[in-house]
Amino acid sequence: MNIAMIGSGYVGLVSGACFADFGHIVTCVDNDPSIVSKLKDGQVPIYEPGLQELVSTNIGSRRLVFTTDVVSAVKNADVIFIAVGTPMEPESRNADMRFVHAAASDIAAGLEGFKVIVTKSTVPVGTGDEIENIIRKLRPDAEFEVVSNPEFLREGAAIEDFKRPNRIIIGTESEKAKEIMSAVYRPLNINQPPIVFMSRRAAELTKYAANAFLATKITFINEIADLCEKIGADVQQIARGIGLDNRIGSKFLHAGPGYGGSCFPKDTMALVHTAQEAGSPMRIVETVAEVNAWRKKTIANRIIAACGGSVRGKSISILGLAFKPNTDDMRESPSLDIVEAIKEAGGHVSAYDPEAMKNAKPLMPNVTFCEDPYDCAEGASALVLVTEWDSFRALDLKKLKNLLREPVVVDFRNIYRPEEMRAFGFRYHSIGRP
């Protein structure tokens, strides 16, 4: 099957490469010639484990091609996916739909014969209707169906998620579109993921509802962690105790500095906006977004407290800048608020991340970026673990102790055991543990 993927960013590139690996012929489109040129040479502009190899293999097999020519890609495709960005508007905090609307207009110009147009981007409820209206106004003669097929990819595990999904959501009531979409995902039959057909609007809302629920779990366990610190309980024991209840589950019950990334902050706010416009406000989700924003803004106070109430004139070492491990994504990362707060309090920041420093540098002026964790720790008055990269899980504690000016470790991911750290002579501070 011939597939056009409009948008060669994170979702478009991962989806396109995986579809090509299934055996489909995929044309990924991007309006930036420099990005297309790099992708043609097999240079992947984002970090995602396994993606570089997947792209190179399928370029070599001629199943994956890149272009700036939307019209040609659309003409030759059976199915057209829209996978452009929907960033959060700074003022309204709603999803910015300009790129989706532009993609719909571009697609209209290339339609020949029946096409299935699939929204892969995360979009507000009713976007499928908008896409359909845009295309019908431009091409009233065109034959097409607009389908919602939201993605549920975790950064750092996106290829595994795409190839072994726990469900595939397809929003359409057209039997012809159902048949074609089933053919698109037929290579996954051996893994037997459930394909769930529903209305287009229900599919659009399912994506937002899923992310809002997970964001709620994270925020809930963070507040439980705060309570644990007041009463002398261990949040990790509590998370295990409630996570073993299969009605709750153990995932997303890890206390930390608050959620970030490209999805949860944007999607919770977009859902809040949609609900308010519909006259059905979602008070729980509104509170989740407010509590998480407050947590990220104030989490640096724990570092200041660990340093005796002041970081003025002190060097603070930050390990981990990306919002989660196995990605270079800095969007809405807690590290941004932490670094800014330390600098505002008069401290100096040295930082290290295995993959995200290139993206972090423009966002963090006057920060010293280091070669490795030990270079970062040298002379610091406190070492702060912000992102739980695997390479931070077995640091040489004796070496760290000798490098630090003061033996203070603030572990926002509860990577280490308090008793072990104290045995090494560290003044150790974690989240929600005695």
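Each reported figure results from applying straightforward, stated rules to the coordinates on display, with no laboratory input. All figures in this text were calculated on a predicted structure; none of them were measured in a lab. Cβ atoms come from the backbone with ideal geometry, glycine included; neighbour counts cover every protein chain shown.
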0 to 90° range, to nearest 10: angle between helix 334-344 axis and the chain longest Cα axis: 50
For the chain, projected area of the alpha-carbon convex hull averaged over all directions, nm²: 21.9
Stretch gain in nm, segment E91-E132, where the contour uses 0.36 nm per residue and the Cα spacing is subtracted: 12.0 nm
Partnerless Cys - the chain, beta-carbon criterion under 4.7 Å: C18, C28, C228, C263, C307
Helix axis angle, 127-138 relative to the chain longest principal axis, alpha carbon, degrees: 40
Ascending count of other beta-carbon atoms within 10 Å, so fewest first, for R200, R154: R154, R200
Inter-part distance where the range 117-191 and the range 1-53 are each reduced to a Cα centre, Å: 17
Packing rank of 419-426, 139-146, where each peptide gets the mean count of other beta carbons within 10 Å, highest leading: 139-146, 419-426
For the chain, calculated [θ]222 nm from helices alone, where every DSSP H run of n ≥ 4 adds -39500 (n - 2.57): -13000 deg cm²/dmol
Long-range lysine pairs (8 or more apart or interchain), the range 2-198, Cα under 23 Å: 16
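Counting Lys +1, Arg +1, Asp -1, Glu -1, what net charge surrounds L385 among other residues with beta carbon under 10 Å of its beta carbon? Working shown, then result.
Details: positive: R393, R413; negative: E388, D411.
Around L385, the charge tally is 0.
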Lysine pairs meeting the criterion (Cα under 18 Å, 8 or more apart or interchain), as found in the range 207-297: 8
Whichever aspartates and glutamates have a C-alpha closer than 14 Å to that of K401, once near sequence neighbours (fewer than 8 apart) are set aside: D375, E378, E420
Relative exposure of K176, K297, K314, judged by other C-beta atoms within 10 Å (fewest first): K176, K297, K314
Percent of beta bridges antiparallel (DSSP, the range 2-198, rounded to nearest 5): 5
Whole-angstrom Cα spans of the range 2-198 along principal axes, big to small: 41, 39, 37
Rounded to 10°, Cα long-axis angle of helix 10-22 versus longest principal axis of the chain: 60
Least to most buried among C228, C263 (fewest other Cβ within 10 Å first): C228, C263
Euclidean distance between Cα centres, the range 195-228 to the range 60-91, Å: 28
